[in-house]
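Take this structure, written in structure tokens, and hold onto it; I'll ask about it next.
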Amino acid sequence: MAYKEIVTKAVLGKGKKFFKNNYTITPEAKPTTVLGCWIINHNFRGFKTGNKIGVDGSYDVNIWYSYEGDSKTTVVNKKIEYNDLFNIRLKDTADLSSDTDIIVRTLKQPNCTKVNITEDGSINFDIEKELGVEMVGEKKMKIAIEEDEEPWDVIEDEVDDEVLNSIDEEVNPDYIEENTEK
């Protein structure tokens, strides 16, 4: 059996990481009740830094709250930026000297899991997210090849002379003329 070497893109290493972070925001008016918290505009990009993968990202947190004894409402927002590092386990003998692509996926979108109002009027909240990262690069592989070309299969028509003759006998050559005279 003969072998050839090919170069292809392959996943050199991957991993996922769960994050839970606590933040505080101080609105202009002292809140009475938190009515809702939602996260929008989650953006991120990955990059290689040595044998680690870094992810720079940001998202906007919007907190809807009431104030003045629950008589008025407003929304306060905060842009949160993050820089996370991942230690990934490399597969086999990955060559990190070549060009690599970093793929980052959100496995769990940022979500507000806990919100409370502190005594000084600040809003304290927890955000959870889970990110997955993959390092993709060139990998050299040996594959077994067959030098002999496989023979071509002969395709037999399932129609024989008897079927063709019966079709010829059943065809009415005056069919169109008979139907247009009516």
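The values are calculated or read from the model by the stated rules, or taken from the named source; none is laboratory data. Just so you know, these numbers come straight off a predicted model, no measurement behind them. Because the Cβ atoms are built from the backbone with ideal geometry, glycine has one as well, and the counts that use them run over all protein chains shown.
Conditions first: (1) at pLDDT below 95; (2) more than 30 Å from residue 141 (Cβ to Cβ); (3) among the β-branched types (Val, Ile, Thr). Residue 39 passes all but one, so which condition is the exception?
Every condition holds for residue 39 apart from (1).
While we're looking at this one, here's another question. Any residue in the range 114-134 that's of a type in the set (Ser, Thr, Tyr): show its pairings with residues that are loosely packed, with under 15 Cβ neighbours inside 10 Å and in a loop (DSSP other than H, G, I, E, B) at Cβ separation under 6 Å, as long as the two are six or more apart or on different chains.
122/26
Filtering the range 78-133 down to residues that are aromatic (Phe, Trp, Tyr) and closer than 23 Å to residue 54 by Cβ, which residue is modelled with the lowest pLDDT?
Restricting to residues being aromatic (Phe, Trp, Tyr) and closer than 23 Å to residue 54 by Cβ, the top hit is 86.
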